[in-house]
Structures are given as C-alpha cells and as structure tokens.
1. Can you put Y20, Y61 in order of accessible area, largest first, using a 1.4 Å probe?
2. Can you give the three extents of the C-alpha atoms in the stretch 190-316 along their principal axes, from longest to shortest, in whole Å?
3. With each pseudo-label sitting 7 Å past Cα toward Cβ, what's the R207-A306 distance in nm, one decimal?
4. How high is the FRET efficiency between K15 and L291 when r is their beta carbon distance and R₀ equals 25 Å, given to the nearest 0.05?
5. How much length, in nm to one decimal, is gained on full extension between T214 and M132, taken as 0.36 nm per residue of separation minus their Cα-Cα distance?
6. Measure off 7 Å from each Cα along the Cα-to-Cβ vector at T240 and R56, then give the distance between these two points in nanometres to one decimal.
7. Heads up, I need the accessible area for D67: 1.4 angstrom probe, whole protein in place, Å², nearest 10.
8. Among all the aspartates and glutamates, which ones have a C-alpha under 14 Å from K266's C-alpha, if same-chain residues fewer than 8 places away are not counted?
Amino acid sequence: MDKNEPKRTPVQLVKIESDYAGQRVDNFLITRLKGMPKTRIYRLLRKGEIRVNKKRTEQSYRLQDGDEIRLPPMVLDEKAIPKGPSRRAMSLLETRILFEDKGLLIINKPSGMPVHGGTGVNGGVVEALRAMYPALAQLELVHRLDLATSGCLILAKKRSVLRELHGLLREGKVHKIYWALTKGQWKPSEYYVDAPLRKNQLNGGERMVRIDETGKPSLTEFEPLQSYNDAMLVQATLHTGRTHQIRVHARFKHHPVAGDEKYGDKEFNKKMREFGLRRMFLHSHSLEFTLPSSGQHVSVTAPLDADLQTCLDNIK
C-alpha cells in the first residue's frame, strides 16, 4: 500500500454502554470520529450509511443502553487528527493529580496548557490524560479554565458523573474559589460585584466579554487575603460561571488582574513583571461539591504554583 494513500477504516460495530444513554447520536460520533469533518458525519447519517440497530436514524436520535451503531468504511483526514501530547506534558500532569476515584479525576492544571487540543495545538489536558490512561479513552472535561489560569480542573470518567456535575454547575452547587493578584486596594463597597456579562463583543477585531445590561446575570464576591503597596491578593468566589467573569468584574471595579493581557493594565503588568510575574496571576484555588447520587462530598485545594508564590515573596 502507498504510504501516502489515505487511511481507510474497516466496518465497525459499536455497542453503547449505559454511560452514553441519552446522548445524541451526532454528538457521540463527533467525539468518537476524530479527524472526520462534522459535515461528512451528518452526510453519512442522512444517507443511512451510519445505522443504529441496523436501521437508518436521525441525527437527533438519543442513544439507549445496548444500542449498536454500525460505522461504514471511512477515510479519515489524518492531518486533522491532533498529534499526541508530549512526554513532557504527560510527566507534568502525573505530578498534578489532586483527587481520583472511580468516577472523577481532579488535577491542578498548569498555566499555559490548554484544556483541549485544537488547531495548531498538539494536545491539551484531556488528550494527555487519555493518552496516559488508555482505559479512560472517554474521559471528559466537566468545566474549563483559561489557557493562562492554573488550578483545580474536574474531569469525569463516566458520562453519568459528567451529567450529574453539569447539573450541579447549573444549580450553582459547585463552590469554586479563585485567588488573584489585583491592582490597587479594594474597598468593602467593591467586594460584591453583580454585573451582567455579554461575550463575543468585538473590539478592534478581538472578541471580548463586556459588562452589558443585555448580558447574562453574573455575580462574583471578592475578599482581601493580603495587601501590598499597590496590589492586593484577593479571593474570588464565583456564584455564576461566565466566561472571563473574574477578570472582567475585577477590571470593572478598576482592580484588573496582574498579568492579564486582554483586560489588564499595561503599566501594572509591567511593574509586576519586575517582581518575576511572567503570566496572569489567576489560580483556581479550591472547589467543593456533593454528588447527590452517592452523597459523596468532595473538597479539593490546589496549592499556588512556585512562580506565583515567588512573585508574592518578591513583592513583600
């Protein structure tokens, strides 16, 4: 066979387990068929080449326990398949596992590592962990952290646990606390920020999140931890989980997060670099929740990374 010839898969029969019951068949296939464009997956469904229990199916069909999906021979675009994570990334993650049981994995995400691979990215946290633990091929992110943000990140080993945690997040029952180094001194009147956020507002071609009355309700509670000459280490408790919420709310109160290139203060960032800060000082410090199905209570804390602690020591 010509080594340049596209890779063609054989016919596959996939048995659906209970963890995937209730998931739409199109979403299941998009996750499973890495390297295949979504448009081609939908075309195969429309033509009846992908079948469930030997019958044609709609893309909106919700899978049931025991269903059998037949996948026809397919050509995968190997260029579109993300390359595997580096050994360095996997070695780093091995040292940053905070909690693990049969259904959950919680890590202290390193700053600069994306949670997911994508265009131009060999792999993120979830891809590296799947490579490290082949038995956890279906490991999924429960929530996300920005590229530069470090700290507590939850992943689910089972779809049932994923659904349960998504429910807790929607209901505000996952207690999340962040630590951030911010500009200036907070006043008690500024601690409680209730300001709606709207995302994808263009500013010179850059997508931003802004305070906007038409946005989604957003609530952050700030609390001082340590005061410095012209900066303050604060604890931020999220009562809602909007994109860039802490960063935008901190800026709204004129206390932008140190090292934030998108919403921050250039002069303040420059000054913090003199103390050794080379990235945004935002860290998911702790999280706490109780799983209703089992009553299991989970409470996890991620210590500050050495670079952030060094910055604080230098400021003192």
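1. Greatest to least solvent exposure: Y61, Y20.
2. That works out to 49, 36, 26 Å along the principal axes.
3. 3.6
4. Values: r = 27 Å, r/R0 = 1.07.
Efficiency, rounded to the nearest 0.05: 0.40.
5. Numbers: separation 82, 0.36 × 82 = 29.52 nm, distance 4.35 nm.
Stretched out fully, the T214 to M132 stretch lengthens by 25.2 nm.
6. About 4.4 nm, to one decimal.
7. 10
8. E274
The values are calculated or read from the model by the stated rules, or taken from the named source; none is laboratory data. As the structure is a computational prediction, the values presented were derived from the model and not from experiment. Using ideal geometry, Cβ is built from the backbone for each residue, glycine included, and neighbour counts are taken over all protein chains shown. When the accessible area is computed, the model is the full protein with side chains, heavy atoms only, and any ligands, DNA or RNA have been set aside. Shrake-Rupley method; radii C 1.70, N 1.55, O 1.52, S 1.80 Å.
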